Amino acid sequence: MPLWTHINILNYLTDIIDILIVTYVIYKVIMIIRGTKAVQLAKGILVIVAVWFLSSLFQLRTLEWILNNAITYGLFAIIVIFQPELRRLLEQLGRGRLFPEGLRLRKNISKWPMRLSRQHPIWLSGGSVPSCRLNARRD
């Protein structure tokens, strides 16, 4: 296989990883702002961005210029408006709670031995190993 084929496959993999990371970050942001007033603000921002895209597509120069300036200054306004949510996001990131799946996995792993011992009990009579009995089902 030529070298350029390997490079091309590597580009596809990095694109896929990039898309997955961006998707996860967007999902986490949506989960954090869900149920807050920031949801309505986010919807408004999406409408402004959609109108800006359409004005650019249809070459409406004046509207595009106005929206370009509004979006530029709006980025600073977003930081001020979303300050509580941004603070919460940064706190969760600092505490390591942005990825709670890992914590859940640790809790489940610590419960597995107990569950397995209930499903497949081992009795030791008098603490001696030669007289141990193993109850295990064959599936």
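What follows draws every value from the coordinates through simple rules; no lab data is involved. Computed from a prediction, not measured in an experiment: that's the story for all the values here.
Placing one identical point scatterer on every Cα of segment 3-103 and ignoring solvent, what is log10 I(q)/I(0) from the Debye formula at q = 0.20 Å⁻¹? Summing over Cα pairs of segment 3-103 leads to -1.05.
Entry note, segment 3-103: relative contact order of 25 percent, from Cα contacts under 8 Å with a spacing of 6+ residues.
Starting from the Cα-Cα distance between residue 60 and residue 25, subtract it from 0.36 nm times their residue separation and give me the gain in nm to one decimal.
The residue 60-residue 25 span can extend by a further 9.4 nm.
Extension gain for the segment residue 93 to residue 46, taken as residue separation times 0.36 nm less the Cα-Cα distance, is 14.4 nm to one decimal.
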